[in-house]
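Some notes on the structure that comes next.
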Amino acid sequence: MTRGLNAPMFSGVLRALSNHAPGAFYVPDLDATAPTGEHAFNALKTLDAAARDTVLAAPSPGETKRRGRSVPLRPGWDTGVRVWAMTRVLVAKFSTEGPAATLLWTGDMPLVETNTWHDQFWGDCFCPRHVGTPGVNMLGELLMAQRTHLTLRHADPGPDSSSTGNEGRPSPQEPKNSHS
């Protein structure tokens, strides 16, 4: 874990890595567009179409998280389905150019979802209560796996790509964003 960080890692130039970062993207598993990763994740919590629509219509990531706490959960949610759901969110989100450029820009940087809200599963809380207990950092692990996938695809784009192989590492200060 990356201890010693005293601010959320997924802010500033790395804001696109946060599930609260704005930027709509299509989620095939929902057959819908989600305003943020938080919207997509909370919508994937349920198989109930009306509950899903309510979550996706929330005006903010915080509100979608609140709404997601009251949806009927998919079977197996607490036994691996939530990791599957987050993986599906990240695959969809980082198939868009701007977020993908930021993720690739991180190179081999360890990605840790540092926080102060006691989330020791998805991240690593650095509050005084958790200072001696590293979190699981599942979100960071999944982001690094997605980065590896994108890096390998970028390095070997296959026969259908027009890549020249000369593409450089993009700057997160100026990621291309098709969601403006």
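Every number in this text was worked out from the coordinates using simple rules, so none of it is lab data. Here the structure is a predicted model, which is why all the values come from computation and not from measurement. Because the Cβ atoms are built from the backbone with ideal geometry, glycine has one as well, and the counts that use them run over all protein chains shown.
Starting from the Kirkwood Rh over alpha-carbon pairs, what translational D in µm² s⁻¹ does segment 76-145 have by Stokes-Einstein at 25 °C and 0.890 mPa s?
Numbers: Rh = 13.1 Å.
Estimated via Stokes-Einstein, D reaches 188 µm²/s.
In nanometres, what is the gap between the two model label sites at residue 127 and residue 145, each 7 Å from Cα along Cα-to-Cβ?
2.8
If we sort 30-41, 86-97, 143-154 on the protection proxy, mean other Cβ atoms within 10 Å, highest first, what's the order? Mind dumping the intermediate values first?
Details: 30-41: 21.3, 86-97: 19.8, 143-154: 15.9.
Those peptides, ordered most packed to least, come out 30-41, 86-97, 143-154.
Provide the gained length on full extension for the span residue 97 to residue 120, in nm with one decimal, where the gain is 0.36 nm per separating residue minus the Cα-Cα distance.
Working: separation 23, 0.36 × 23 = 8.28 nm, distance 2.96 nm.
Full extension from residue 97 to residue 120 adds 5.3 nm.
If R0 is 22 Å, what FRET efficiency do you get for residue 29 and residue 66 from their C-beta distance, rounded to 0.05?
Values: r = 22 Å, r/R0 = 1.00.
Taking R0 as 22 Å, the efficiency between residue 29 and residue 66 is 0.50.
Give me, ordered by chain and number, the residues 5 or more places off residue 33 or on other chains with an amide H under 5 Å from its own placed amide H.
So residue 33 has HN proximity to 27.
Going highest first, how would you order 109-118, 66-75 by mean Cβ packing within 10 Å? Present the calculation step by step, with values, prior to reporting the outcome.
On the way: 109-118: 17.4, 66-75: 14.4.
Highest-to-lowest ranking by the protection proxy: 109-118, 66-75.
Find how much the distance from residue 136 to residue 13 grows on full extension, using 0.36 nm per residue of separation minus their present alpha carbon separation; answer in nm with one decimal. Show your work: numbers first, answer last.
Details: separation 123, 0.36 × 123 = 44.28 nm, distance 2.36 nm.
Fully extending the segment from residue 136 to residue 13 adds 41.9 nm.
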